[in-house]
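Participant: The structure follows.
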Amino acid sequence: MTLSRKAFFALFAIIIIEGYIVLSSELLAIRVTVPFIGSGTDVVSVIIAAVLLPLSFGYYYGGRFKPYTNRRGRFVGPRAKLANNILISTVFLVFGLSYGPLLFFMEELIKLGISNRIILASIYSGLFLIVPVFLLGQTIPLVSHYFSKEKLSRVTGKILFLSTIGSFLGATFSTLVLMATIGVHYTAALNFVLLTLLFFIVGRRKYILSKILIVVLMAVGIFFNSDVQLKKLNIVAFNQYNVIQIFEKPGTDIKIFSLNKNSDSLYSPTQKLKHEYAHFIENHYIYTRELSEEPLNILVLGAGGFTLGIDEDINIYHYVDIDPNLKDVAEDYFLGKELGPNKTFHPVAAESFLIQGDEKYDVIVLDAYQGSITLPENLVTQEFFQRVKKRLAPGGIVICNFIISPGFADPFSRNLDNTFSSVFPFAVRQVIGTYDGWSKTEMENVLFIYRQSPDENNLKIYTDNKNTVYYDKPKSR
């Protein structure tokens, strides 16, 4: 079979585009599911496995393909098989990578009582990823049918090279460039456009109905991911880090700032209303400072909606969050004003911020723990807490806002408490909100509050034999 230069170009374009679509779809799947299953290594590994395994089977199955005549008497060659695979893949990905349909799907599963993150990740992967990845994985072996056996050995290197380039672009360009500039939703829409382009490259002229169908699917995918549809879901930003939603309570100026379906911040400029834990921190550890004293140097890891200290201009605030768009979005859609001159935003990962500097802080607030689903695993380790402690000024205070069982009824709550205590001994646990002391399942905001003491390591144990309590206990005046 002799191929023209145009045909060579078309085949290699198919290989690059397919490589891009598979990798970018994998990353999009990880991103769009974060509000429902989090971004822990456990659920990410499920999604990666749901891509790699079907991809390998796709390579194998595509290599075994032989042209045949179907029941309708139509000849099905590699080209027809490719076109059919692309069309079916588009159906699955349009619904699996679009936030609106996925929101409905996940909420219905949760209503059925399915809340385990691994199970949710497995169901999602099984329904929306395995089939399209398996079908798209057949692309390279099917394309190889168009090269003669003599030339196939020479072009194999080019095929693998271009496929890897496509995968590289899908892994980097889609995340570092597209998600950061046009957003996750339009990055997904671009995949639907590329699938349609692939179909038109592969499909014959007689595939009129199929071409109409895939154009309709592309339009549906673009519609699902349009700004109009996201606005109906109260989404004001959708990037590689967060799905940011702003909810307004009717008849009031109260707004809720939500990151990845978690209620991160509450604010009313007229009522000075905030989440109860934010008021507690301000009223007990910030506003109680005497005006004659030096301003506090305050570090907030996990900026949220920037409500902590938003209404005062005396102390110095440093907000740290990995999402560089967070400040502009909060100012434009949530706060309704710019941050004051005493407030600085550092768009960097919390760990990087702690490692790269040496400035000391009087108060460090850890507020990056949005919930059990989106818990950042790297921010609950002993090593992370030790980095936090190194940035604490002498006599300074660390306040962590955790969402755990106040009665430590589950292993996570107990182990988190044990980990925190290993670095910050003698911490106060302050339950925010109402709590039934007999509950074994209730989760609440619990503030872990530690104040540095120079003699915190000079510990003794009172025994019947050696009891120095008389010397240690505070003396009345």
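Participant: For residues in the range 54-63 being surrounded by fewer than 20 Cβ atoms within 10 Å (Cβ to Cβ) and in contact (Cβ under 8 Å) with a residue 12 or more places away in the chain, which is nearest to residue 24 (Cα to Cα)?
Facilitator: 55
Participant: Looking at 319, 369, 333, can you tell me which residue is outside any loop (DSSP other than H, G, I, E, B), in contact (Cβ under 8 Å) with a residue 60 or more places away in the chain and not hydrophobic (A, V, I, L, M, F, W, C)?
Facilitator: That would be 333, the only listed residue that is outside any loop (DSSP other than H, G, I, E, B), in contact (Cβ under 8 Å) with a residue 60 or more places away in the chain and not hydrophobic (A, V, I, L, M, F, W, C).
Participant: Right, here's the next one. Restricting to the range 65-94, give me the number of residues that are more than 16 Å from residue 201 (Cα to Cα) and in contact (Cβ under 8 Å) with a residue 60 or more places away in the chain.
Facilitator: Adding up the residues that qualify gives 4.
Participant: Restricting to the range 83-101, name every residue that is under 19 Å from residue 31 (Cα atoms) and among the β-branched types (Val, Ile, Thr).
Facilitator: 90, 94
Participant: Okay, moving on. So for the range 353-364 (the condition being of a type in the set (Val, Ile, Thr), outside the structural domain of residue 179 (by TED's automatic domain parsing) and without any contact (Cβ under 8 Å) to a residue 60 or more places away in the chain), does at least one residue qualify?
Facilitator: yes
Participant: Still on this structure, I have one more. Can you find a residue in the range 420-434 that is out of contact with any Pro (no Cβ under 6 Å at 6 or more places or on another chain) and modelled with pLDDT under 80?
Facilitator: Taking every residue of the range 420-434 in turn, at least one turns out to be out of contact with any Pro (no Cβ under 6 Å at 6 or more places or on another chain) and modelled with pLDDT under 80.
Participant: Additional query: Return the pairs, sorted by first residue and then second, in which the second residue is of a type in the set (Asp, Glu) and surrounded by fewer than 23 Cβ atoms within 10 Å (Cβ to Cβ), the first residue lies in the range 21-41 and is in contact (Cβ under 8 Å) with a residue 40 or more places away in the chain, the beta carbons are less than 6 Å apart, and the residues are 6+ apart or on different chains.
Facilitator: Pairs found: 40/377.
Participant: Can you give me the number of residues within the range 96-133 that are part of a helix (DSSP H, G or I) and over 15 Å from residue 225 (Cα atoms)?
Facilitator: Final tally of qualifying residues: 23.
Participant: Answer yes if at least one residue in the range 111-128 is over 21 Å from residue 54 (Cβ atoms) and aliphatic (A, V, I, L, M), and no otherwise.
Facilitator: yes
Participant: Could you check how many residues of the range 100-126 are small (Gly, Ala, Ser) and surrounded by fewer than 17 Cβ atoms within 10 Å (Cβ to Cβ)?
Facilitator: Residues flagged as small (Gly, Ala, Ser) and surrounded by fewer than 17 Cβ atoms within 10 Å (Cβ to Cβ) within the range 100-126 amount to 3.
Participant: Going through 53, 93, 82, 87 one at a time, which residue ends up being more than 24 Å from residue 215 (Cα to Cα) and in a helix (DSSP H, G or I)?
Facilitator: Of 53, 93, 82, 87, the one residue that is more than 24 Å from residue 215 (Cα to Cα) and in a helix (DSSP H, G or I) is 53.
Participant: Is it the case, given these coordinates, that residue 414 is modelled with pLDDT of 95 or more and over 23 Å from the mean Cα position of the chain (by Cα)?
Facilitator: Criteria not met by residue 414.
Participant: May I ask you to say which residue of 130, 47, 119 is of a type in the set (Val, Ile, Thr) and either more than 28 Å from residue 197 (Cα to Cα) or assigned by TED's automatic domain parsing to the domain that holds residue 369 (or both)?
Facilitator: 119
Let's see how each residue does on (1) surrounded by 15 or more Cβ atoms within 10 Å (Cβ to Cβ); (2) under 25 Å from residue 219 (Cα atoms):
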| position | (1), (2) |
| --- | --- |
| 146 | yes, no |
| 170 | yes, yes |
| 193 | no, yes |
| 203 | yes, yes |
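Participant: Mind checking which residues of the range 201-233 are in contact (Cβ under 8 Å) with a residue 24 or more places away in the chain and assigned to a loop (DSSP other than H, G, I, E, B)?
Facilitator: 203, 204, 207, 225, 226, 233
Participant: Let me confirm something: among 403, 399, 364, which residue is of a type in the set (A, V, I, L, M) and either on the phi > 0 side of the Ramachandran plot or modelled with pLDDT under 90 (or both)?
Facilitator: None of the others qualify; the one that does is 403.
Participant: Checking residue 307 against (1) part of a strand (DSSP E or B); (2) within 23 Å of the chain's Cα centre (by Cα): exactly one of these is not met. Which one?
Facilitator: Against the list (1) part of a strand (DSSP E or B); (2) within 23 Å of the chain's Cα centre (by Cα), residue 307 comes up short only on (1).
Participant: So is residue 158 free of Cβ contacts under 8 Å to residues at least 12 places away in the same chain and either not aromatic (Phe, Trp, Tyr) or not in a loop (DSSP other than H, G, I, E, B) (or both) or not?
Facilitator: In short, no.
The values are calculated or read from the model by the stated rules, or taken from the named source; none is laboratory data. Bear in mind the structure is a predicted one, so any value in this text is a computation, not a measurement. Cβ coordinates were reconstructed from backbone atoms using ideal geometry, including for glycine residues, and neighbour counts include every protein chain displayed.
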